Amino acid sequence: MNTATDTVLITKMELNFVRDLPGFNGAQHFALEPLGEDSEGVFARMRCTDQVKTHRDQVLENLTLLVMAPGVLWPNYEVQIDEVTVEQLGLSRVEEVLLLAIVHPMDPLSNSTANLYSPIVVNRVTGVADQLVPALSEREIGWSVRTPFPKQGQE
């Protein structure tokens, strides 16, 4: 399934990953909470509700990631979702897909980067999710794990 990301706003929902979030053992259940005063937003907090361990078996307390809807800053962002992921997430239409990019925040926020190489793919209807990790390299995909935020006036 080829999907371009619309400029969607993130709404509050529970996410249930089909497998552990890569790098975080036991991280499968998350609360997605938009940031700001509105019930929808471009940025959200993705807070894990499970006990999580690193690959070294260290317990992580309160694993929380900053995520965003990438179509807001990168309107030409597009990913190919493989058939296995489509089936695992129960996707039947492109309109059911929500793409989230994990943000690596910096101060100021405009210096931040986003992981556009391996987005989180969410079934908007059911909340079932997985992080898409392509077999191809960043160069072949055209997006980076640390894609810089566009400067004002750029896309």
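The values are calculated or read from the model by the stated rules, or taken from the named source; none is laboratory data. What you see is a predicted model, and the numbers here were worked out from it, not measured in a lab. Every residue, glycine among them, receives a Cβ derived from its backbone with ideal geometry; neighbour counts consider all protein chains shown.
Within the range 77-93, restricting attention to residues that are assigned to a helix (DSSP H, G or I) and farther than 19 Å from ILE141 by Cβ, the residue that is farthest from the chain's Cα centre (by Cα) is GLU87. Screening the candidates LEU116, LEU98, LEU32 for the property of being part of a strand (DSSP E or B), in contact with a Lys or Arg (Cβ under 6 Å, 6 or more places away or on another chain), aliphatic (A, V, I, L, M) and surrounded by 15 or more Cβ atoms within 10 Å (Cβ to Cβ) yields one hit, LEU98.
Here's the yes/no breakdown for (1) of a type in the set (Ser, Thr, Tyr); (2) at pLDDT 95 or above; (3) over 24 Å from ASP20 (Cα atoms):
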| site | (1), (2), (3) |
| --- | --- |
| THR64 | yes, yes, no |
| VAL72 | no, no, yes |
| VAL79 | no, no, no |
| VAL84 | no, no, no |
| VAL97 | no, no, no |
| VAL103 | no, yes, no |
| MET106 | no, no, yes |
| LEU109 | no, no, yes |
| THR113 | yes, yes, no |
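Taken over the range 35-58, the criterion of being exposed (fewer than 13 other Cβ atoms within 10 Å of the Cβ) and either among the aromatic types (Phe, Trp, Tyr) or at pLDDT 90 or above (or both) is satisfied by GLN51 alone. Every condition in (1) among the charged types (D, E, K, R); (2) closer than 23 Å to GLY41 by Cβ; (3) surrounded by 15 or more Cβ atoms within 10 Å (Cβ to Cβ) holds for LYS151 except the one numbered (3). If the condition is being in contact with a helix residue (DSSP H, G or I) (Cβ under 9 Å, 6 or more places away or on another chain) and surrounded by fewer than 13 Cβ atoms within 10 Å (Cβ to Cβ), then the range 81-91 contributes only GLY90. Restricted to the range 123-155, and to residues there that are more than 16 Å from the chain's Cα centre (by Cα) and charged (D, E, K, R), the residue that is modelled with the lowest pLDDT is GLU155. Listed by first and then second residue, the pairs linking a residue in the range 40-69 that is free of Cβ contacts under 8 Å to residues at least 60 places away in the same chain and assigned to a strand (DSSP E or B) to a residue that is small (Gly, Ala, Ser) and surrounded by fewer than 16 Cβ atoms within 10 Å (Cβ to Cβ), with Cβ atoms under 7 Å apart and 6 or more places separating them unless they lie on different chains, are ARG47/ALA31; VAL52/GLY26; LYS53/GLY26.
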